[in-house]
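The values are calculated or read from the model by the stated rules, or taken from the named source; none is laboratory data. Source: prediction; values computed, not measured. Cβ: placed from backbone, ideal geometry, glycine included. Neighbour counts: every protein chain shown.
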Amino acid sequence: MQVGTRRLSNLLKGESAIIDSFNDEVIKQKLLEMGCLPGETITIDRFAPFGCPMAILLNGSTLGIRMEEAESIVVKPLV
């Protein structure tokens, strides 16, 4: 990972970031099909009671993703 980047799974509720890259090619294809594209702003909306899945806001839509998928998304947090 590059300096200044984090995994999406490490963000807290309400935090926003810009998608930088993906670490898993299989999950990458699935996320790209859902509109999770590099350069897009993503916001953590909420977590399920046990932390998985998480709801993210992306392009005016709410998507639910598992923590294992969030682990593979590298983001640049917004300051």
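Structural remarks
- Filtering region 27-76 to residues that are under 18 Å from GLY4 (Cβ atoms) and at pLDDT below 90 leaves nothing.
- Looking at region 1-75, the strands (runs of 3 or more DSSP E) lying wholly inside it that each contain 1 or more residues that are touching a residue at least 60 places away in the same chain (Cβ under 8 Å), surrounded by 12 or more Cβ atoms within 10 Å (Cβ to Cβ) and in contact with a strand residue (DSSP E or B) (Cβ under 6 Å, 6 or more places away or on another chain) sit at 16-22.
- Restricting region 9-28 to residues that are closer than 14 Å to SER72 by Cβ and of a type in the set (D, E, K, R), the residue that is farthest from the chain's Cα centre (by Cα): GLU25
- Scan region 8-34 for residues that are of a type outside the set (A, V, I, L, M, F, W, C) and more than 14 Å from GLU69 (Cα to Cα) and the total you get is 5.
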